Amino acid sequence: MINNNLPKHIAIIMDGNGRWAKRRGLSRIRGHVRGVDSIREITTACAKRHIEQLTLYAFSKENWSRPRYEVEILMRLLKRYLIRERPTILDNNIRFTAIGQIEGLPKDVQKEIAINKEESKSNTGMVLCLALNYGGRAEIVDAARGIVADALDGKVSLSDIDEEVFKRHMYTSNMSDPDLLIRTGGDMRVSNFLLWEISYAELWVTPVCWPDFRKENLEEAIRDYSARERRYGGLIE
Ligand code: IPE
Ligand code: IPE
Ligand code: MG
């Protein structure tokens, strides 16, 4: 049976900004700047396509290990993105949210995240979720801590702990799992992204670097997804 549906939730590992720039003899930073254009185009395209949720991996916990200069510029670009793209979010009825250890981001970035969340909270269209200072293992550890805290408070007992309880403690507790995981830049790895949530996601990797990724590329991924058979370990008659 062919899965003719649109993915409800698309997650993207936006990779290859640095290589895109290097190939053009530009600094890595130019790649990050151009990457913002791709974010705008893909966000709008997904909203118009009635995708329910788009989750974008924008900054991992491991990305702090990059040179200080690059990290500082990334944080500055992130702040600028959050301010400049506010009208795009609001005009497209998008509800903005973020996952990751947000408290570990610079205060001025946290402030803009809070404004975007607040101003878009009544929107009824697509959910746009940015993964920031995000790590998949950290998310699982944070969930385990939350569960232990509940257990110490007597709110949960050992025999109650199941996948549902875990799910409720994940950053993504109120979201569906991604149906389609796209990675640009060609590397065949998940780089600590949504480890719990992607257990049955369909993977689609393209060599196209993120700054070159356009809505035609997105359509190609969606078409490929629609033609796949999702079996979840079972059999289809
Ligand atoms: C993705 O592009 C952006 C972030 C991780 C912030 P990269 O900066 O990883 O680009 P490459 O992979 O080095 O080309
Ligand atoms: C994944 O890209 C993280 C983001 C896109 C934010 P990386 O460039 O950090 O991943 P690796 O280093 O290739 O695994
Ligand atoms: Mg990379």
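Only the coordinates and a few stated rules stand behind these numbers; no lab work does. Treat the numbers as computed from the prediction; the structure is a model and nothing was measured. FYI the Cβ positions are ideal-geometry reconstructions off the backbone, even for glycines, and counts take in every protein chain you see.
Values computed for the structure shown
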{"quantity": "Environment charge of Ile10, counting only residues whose C-beta is closer than 11 Å and scoring Lys/Arg +1, Asp/Glu -1", "calculated": "-1"}
{"quantity": "About the Cα centre, charge dipole magnitude for segment 11-226 (Lys/Arg +1, Asp/Glu -1 at Cβ), debye", "calculated": "1240 debye"}
{"quantity": "Check: segment 72-159 dipole with +1 on Lys, Arg Cβ and -1 on Asp, Glu Cβ, in debye", "calculated": "200 debye"}
{"quantity": "Under 12 Å, Cβ to Cβ, from Lys48 - net charge with Lys/Arg +1 and Asp/Glu -1", "calculated": "-1"}
{"quantity": "Segment 79-237: proportion of alpha-carbon pairs further apart than 21 angstrom, %", "calculated": "60 percent"}
{"quantity": "Proximal lysines to Lys111, defined as alpha-carbon separation beneath 26 angstrom and excluding residues fewer than eight positions away on the same chain", "calculated": "Lys61, Lys79, Lys121"}
{"quantity": "Per-residue Cβ neighbour rank within 10 angstrom, fewest leading, Thr44, Thr172, Thr55", "calculated": "Thr44, Thr172, Thr55"}
{"quantity": "Ranked packing of 214-223, 125-134, most packed first, by mean Cβ within 10 Å", "calculated": "125-134, 214-223"}
{"quantity": "Long-range amide H partners of Cys209 with built H, under 5 Å", "calculated": "Gly185"}
{"quantity": "Under 15 Å, Cβ to Cβ, from Thr172 - net charge with Lys/Arg +1 and Asp/Glu -1", "calculated": "-3"}
{"quantity": "Integer Hz, Karplus 6.51/-1.76/1.60 couplings in order for segment 27-34, x for Gly and Pro", "calculated": "6, 3, 4, 4, x, 5, 4, 5"}
{"quantity": "For the chain, share of DSSP beta bridges that run antiparallel, in % to the nearest 5", "calculated": "0 percent"}
{"quantity": "In order through segment 219-226: 3J(HN,Hα) via Karplus (6.51 cos²θ - 1.76 cosθ + 1.60), integer Hz, x for Gly, Pro", "calculated": "4, 4, 5, 5, 4, 4, 4, 5"}
{"quantity": "Positive dipole terminus of the chain, leading residue within Ala221, Ile198, Tyr69 (C-beta point charges)", "calculated": "Tyr69"}
{"quantity": "Burial ordering of Glu237, Glu70, fewest other beta-carbon atoms within 10 Å first", "calculated": "Glu237, Glu70"}
{"quantity": "Ranking of His50, His32 by count of other Cβ atoms within 10 Å, fewest first", "calculated": "His50, His32"}
